Amino acid sequence: MLARARSLLSLAEKVLVLTGAGISAESGVPTFRGPDGFWQHYRPEDLATPEAFARNPRLVWEWYAWRRDQLATCRPNSGHLALARWILGRHGVTLVTQNVDNLHEAAARAAAPPGTDPALAYPVRLHGSIAHLQCTACEWREERLDPIDTTSEATLPRCPACRALARPGVVWFGEMLPAEALIEAGAAARQADVCLVVGTAGVVYPAAGLAFDAKRHGATLIVVDPGETGFDEAADLKLEGKAGVVLPELLAGGPP
Ligand code: OAD
């Protein structure tokens with residue numbers, strides 16, 4: 001199975017890689033739907049919707065501030081690194097992620113040989129970035145790495161341009177995905193010879209739909225995941241295992 005997947009990837013001219021929370025699990029970032037996932041302990045409608053933020057911005061900011069603090073200590077794992085090295089060493093790969101962490105970027109910077117632009121292995125972000133803040137009233141959006149003061153509503157971050165409340169720069173349930181990201185990811189899905197899906201349960205759309213679009217347009221679908229996913233029936237190959245173990249074997253031809 002691994003040898004077949006390797007050969008398909010090496011023959012492919014265009015590859016779409018779609019990643020989800022599972023690729024960051026071995027870096028210590030909790031997933032959403034696993035036994036210890038966020039949605040076992042919290043309700044998405046209380047924390048990850050525009051309505052929740054309008055109702056109680058401090059509660060929502062507390063959750064995101066905690067996740068930002070937690071992510072500040074996380075490092076890319078062998079799965080992120082193998083993927084970044086592989087992308088930097090060839091042409092024709094579009095990496096698309098649902099993750100709001102910055103571990104793909106960190107892996108690209110760590111893996112890029114001198115003189116190579118790490119941005120070539122940066123992902124297209126479907127769900128935004130937790131390191132970014134954006135204004136609830138105007139177009140302001142910026143990366144802000146300093147801690148968020150959630151002591152009271154008055155201490156929450158504000159837009160430097162118009163003073164309206166700032167919110168996390170992520171996509172919430174019920175919101176549109178960034179149009180540019182969706183267009184780029186959709187085009188990559190339609191052109192892909194192989195679609196490699198890593199660490200996503202495949203239940204959140206339109207992200208999950210990209211893998212099915214790729215398959216409909218002729219791509220071979222390879223899934224890397226230790227658990228059951230919504231892609232399993234459509235998958236041509238399923239490599240059951242953790243991303244940090246399977247990706248180095250698949251993409252670098254050796255153990256991590
Ligand atoms: P989920 O938590 O739904 O799924 C994580 C997947 O990763 C599961 O299929 C696990 O089996 C798998 N997994 C766990 N550990 C792994 C490992 N070490 N290596 C590889 N796979 C592993 O996360 P997503 O599918 O990414 O959206 O969730 C999609 C979206 O739902 C998120 O972007 C977020 C969430 O609600 C928004 O917040 C809008």
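No value in this document is a laboratory result; all are computed from the given coordinates. As the structure is a computational prediction, the values presented were derived from the model and not from experiment. Methodologically, a virtual Cβ is constructed for each residue, glycine included, from the backbone with ideal geometry; neighbour enumeration extends over all protein chains shown.
Pick from Val246, Val204, Val93: which is most flexible by mean-square fluctuation in a GNM of the chain where alpha carbon atoms under 10 Å apart are linked?
Among Val246, Val204, Val93, the largest mean-square fluctuation in the Gaussian network model of the chain belongs to Val204.
Given Cα positions, please report Rg to Rh for the chain, the hydrodynamic radius being the Kirkwood one.
Numbers: Rg = 18.4 Å, Rh = 18.9 Å.
With Rh from the inverse mean 1/r over Cα pairs, Rg/Rh is 0.98.
At 4 °C and a viscosity of 1.567 mPa s, what translational diffusion coefficient does Stokes-Einstein give for segment 38-83, taking Rh as the Kirkwood radius over Cα pairs? Give it in µm²/s as a whole number.
On the way: Rh = 12.3 Å.
My calculation gives 106 µm²/s for D.
Check cross-link reach from Lys14 to the lysines: straight Cα distance under 17 Å, and skip same-chain residues fewer than eight apart.
Lys215
In what order do Ile183, Ile23, Ile130, Ile87 fall by count of nearby beta-carbon atoms within 10 Å, going from fewest to most? Don't jump to the answer; show the numbers that get you there.
Numbers: Ile183 12, Ile23 32, Ile130 19, Ile87 24.
So the ranking, lowest neighbour count to highest, is Ile183, Ile130, Ile87, Ile23.
Kindly write out, for segment 87-100 in residue order, the coupling ³J(HN,Hα) from the Karplus curve 6.51 cos²θ - 1.76 cosθ + 1.60 (θ = phi - 60°), rounded to whole Hz, with x marking Gly and Pro.
Here the 3J(HN,Hα) series is 5, 5, x, 8, 10, x, 10, 10, 9, 10, 10, 9, 6, 9 Hz.
Modelling each spin label as a point 7 Å along the Cα-to-Cβ direction, I'd like the Glu143/Leu237 distance in nm, to one decimal.
3.4 nm
Determine ³J(HN,Hα), in whole Hz, for all residues of segment 124-138 in sequence, where each value follows from phi through the Karplus function 6.51 cos²θ - 1.76 cosθ + 1.60 and θ = phi - 60°; x replaces Gly and Pro.
7, 9, 7, 10, x, 9, 6, 7, 9, 10, 9, 6, 7, 10, 10
Antiparallel as a % of all DSSP beta bridges within the chain, to the nearest 5? Please report the intermediate quantities before stating the final value.
On the way: 8 of 28 bridges.
About 30 percent, rounded to the nearest 5.
In what sequence do His132, His217 fall when counting other Cβ within 10 Å, fewest first?
On the way: His132 19, His217 13.
With the fewest neighbours first, His132, His217 line up as His217, His132.
In whole angstrom, note down how far apart the Cα centers of segment 133-168 and segment 211-256 are.
Each part's Cα centre sits 38 Å from the other's.
In nm, to one decimal, how far is the modelled label at His41 from the one at Ala3, with both set 7 Å along Cα→Cβ?
Modelled inter-label distance: 4.4 nm.
Taking 22 Å as R0, compute the FRET efficiency from the Cβ-Cβ separation of Arg58 and Glu180 and round it to 0.05.
On the way: r = 31 Å, r/R0 = 1.43.
E(calc), rounded to 0.05, equals 0.10.
Kindly provide the GluC sites (Glu not before Pro) of segment 1-77 that DSSP labels as loop, not H, G, I, E or B, and whose Cβ sees at most 15 other Cβ atoms within 10 Å.
On the way: sites: Glu13, Glu26, Glu45, Glu51, Glu62; in loops: Glu13, Glu26.
Of the GluC sites (Glu not before Pro), the ones in loops of segment 1-77 whose Cβ has at most 15 other Cβ atoms within 10 Å are Glu13.
R0 = 41 Å: FRET efficiency of Arg90 with Thr155, Cβ-based, nearest 0.05?
Details: r = 47 Å, r/R0 = 1.15.
Efficiency for this residue pair is about 0.30.
How big is the dipole moment of segment 1-96 about its Cα centre under a simple scheme where the beta carbon of each Lys and Arg is +1, that of each Asp and Glu is -1, and everything else is neutral? Debye, nearest 20, please.
Values: 12 positive and 8 negative charges, 82 e Å.
In total the dipole reaches around 400 debye.
What's the FRET efficiency of His217 with Thr136 using the Cβ-Cβ distance as r and R₀ = 41 Å, to the nearest 0.05? Kindly include the intermediate steps, with their values, before the conclusion.
Numbers: r = 38 Å, r/R0 = 0.92.
Working from the Cβ atoms, E equals 0.60.
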